[in-house]
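Enquirer: Pasting in a structure now, in structure tokens, and then I'll have a few things to ask.
The values are calculated or read from the model by the stated rules, or taken from the named source; none is laboratory data. Just so you know, these numbers come straight off a predicted model, no measurement behind them. Because the Cβ atoms are built from the backbone with ideal geometry, glycine has one as well, and the counts that use them run over all protein chains shown. Note: areas computed on protein heavy atoms with side chains; ligands, DNA, RNA excluded. Shrake-Rupley method; radii C 1.70, N 1.55, O 1.52, S 1.80 Å.
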Amino acid sequence: MKIFPAIDIIEAKVVRLSEGDYSRQKNYSLTPMQAAESFLAAGANHLHVVDLDGAKSGRAENAATIEKIVAKLNMFVEVGGGIRSFESIENYLDAGVKRVILGTIAVRDFCFVERAVAKFGDAISVGVDAKNGKVAINGWKEITDINSLDFCKKLKGVGVNHIIYTDIAKDGMLNGTNIAIYEVLCQTEYPAITASGGITYLDEIKKLRDFGVYGAILGKALYENKLSLSEAVKIAEG
């Protein structure tokens with residue numbers, strides 16, 4: 001299993017939100033580059049970066065900051081937030097990003113996902129963010145009536161190989177993730193799953209690994225020193 005430490009960016013600063021709520025934002029003193037370097041030093045070679053400004057605006061607001069990290073560090077970097085055009089996808093991939101994450105656009109224009117997968121293949125991932133089992137979009141501000149599990153199956157049907165599934169209610173709360181949903185999502189009718197949202201304990205890493213989860217995104221638990229990244233990497237690779 002891959003461990004993806006997370007860097008969420010607003011105005012070129014590292015932040016964490018609680019339950020995806022922009023009004024419940026906590027800023028951290030280190031820069032995105034410093035955060036990435038610390039994760040690399042702790043043994044992580046994958047990185048999950050989200051442009052939270054872009055998630056709201058639909059544009060790559062923090063692309064310059066992200067591209068500097070990609071250029072300097074030898075890490076597998078996946079990026080999400082405001083990627084809603086082929087131009088944005090191509091710009092990130094040309095800069096060395098390994099995988100881009102589609103969110104709102106995947107719901108608003110499903111044909112876009114089909115065309116993106118046909119053109120970019122495994123470089124395309126889709127973020128499925130769920131609240132009470134329903135898909136959320138537009139920076140988690142809008143809850144649709146789309147069943148999140150059905151949507152995951154639909155994505156696999158058009159060739160999406162990677163999904164990042166987030167239970168919004170767990171995100172940033174430091175009280176554990178929705179373990180049960182990931183056991184379901186590891187069944188064969190779903191794409192490879194990266195677990196995201198609330199992962200706080202090392203035993204959760206082991207359970208996710210044993211389920212067959214592809215990856216796990218670690219965020220606030222790292223920044224608040226609730227979880228050892230080096231230990232998480234060792235368990236995931238075990």
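Enquirer: For region 13-28, give me each residue that is open to solvent by 60 Å² or more (accessible area, probe 1.4 Å), in contact with a strand residue (DSSP E or B) (Cβ under 8 Å, 6 or more places away or on another chain) and over 18 Å from Thr65 (Cβ atoms).
Expert: Answer for region 13-28, where residues must be open to solvent by 60 Å² or more (accessible area, probe 1.4 Å), in contact with a strand residue (DSSP E or B) (Cβ under 8 Å, 6 or more places away or on another chain) and over 18 Å from Thr65 (Cβ atoms): Arg24, Lys26.
Enquirer: Still on this structure, I have one more. Being within 16 Å of the chain's Cα centre (by Cα), over 17 Å from Val97 (Cα atoms) and open to solvent by 40 Å² or more (accessible area, probe 1.4 Å) is the filter here; which residues of region 29-58 pass it?
Expert: Scanning region 29-58 gives a single hit, Lys56.
Enquirer: Please enumerate the residues belonging to region 156-177 that are over 21 Å from Leu218 (Cβ atoms) and open to solvent by less than 20 Å² (accessible area, probe 1.4 Å).
Expert: Val160, the sole residue that qualifies.
Enquirer: Identify the single condition in (1) in contact with a strand residue (DSSP E or B) (Cβ under 9 Å, 6 or more places away or on another chain); (2) modelled with pLDDT under 95; (3) on the phi > 0 side of the Ramachandran plot that Ile143 does not satisfy, given that it satisfies every other one.
Expert: The single condition Ile143 does not satisfy is (3).
Enquirer: Would you confirm, using the coordinates I've provided, whether Asn225 is of a type outside the set (A, V, I, L, M, F, W, C), at positive phi and open to solvent by 50 Å² or more (accessible area, probe 1.4 Å)?
Expert: yes
Enquirer: When region 59-83 is examined, which residues are found to be crowded, with 20+ Cβ neighbours inside 10 Å and touching a Lys or Arg at 6+ places or on another chain (Cβ under 8 Å)?
Expert: Result: Val77, Glu78, Val79, Gly82.
Enquirer: Residue by residue through region 217-231, note down the ones that are over 21 Å from Lys26 (Cβ atoms) and either touching a helix residue (DSSP H, G or I) at 6+ places or on another chain (Cβ under 8 Å) or among the aromatic types (Phe, Trp, Tyr) (or both).
Expert: Glu231
Enquirer: Out of Lys153, Lys119, I need the residue that is closer than 26 Å to Cys186 by Cβ, open to solvent by 40 Å² or more (accessible area, probe 1.4 Å) and in a helix (DSSP H, G or I). Which one?
Expert: Being closer than 26 Å to Cys186 by Cβ, open to solvent by 40 Å² or more (accessible area, probe 1.4 Å) and in a helix (DSSP H, G or I) holds for just one of Lys153, Lys119, which is Lys153.
Enquirer: Still on this model: How about region 144-164: which of its residues are touching a helix residue (DSSP H, G or I) at 6+ places or on another chain (Cβ under 9 Å) and either farther than 18 Å from Tyr214 by Cα or touching a residue at least 60 places away in the same chain (Cβ under 8 Å) (or both)?
Expert: Those that are touching a helix residue (DSSP H, G or I) at 6+ places or on another chain (Cβ under 9 Å) and either farther than 18 Å from Tyr214 by Cα or touching a residue at least 60 places away in the same chain (Cβ under 8 Å) (or both): Thr144, Ile146, Ser148, Phe151, Lys154, Val158, His162.
Enquirer: Would it be correct to say that Tyr165 is closer than 29 Å to Gln25 by Cβ, assigned to a helix (DSSP H, G or I) and not aliphatic (A, V, I, L, M)?
Expert: Judged against the criteria, Tyr165 is not a match.
Enquirer: What residue, among those in region 123-150 that are open to solvent by less than 30 Å² (accessible area, probe 1.4 Å), in a strand (DSSP E or B) and of a type in the set (S, T, N, Q), is farthest from Val50 (Cα to Cα)?
Expert: For region 123-150, the residue satisfying everything is Thr144.
Enquirer: Return the residues of region 190-214 that are among the small types (Gly, Ala, Ser) and either more than 23 Å from Gly103 (Cα to Cα) or surrounded by fewer than 23 Cβ atoms within 10 Å (Cβ to Cβ) (or both); say none if nothing qualifies.
Expert: Ala192, Gly212
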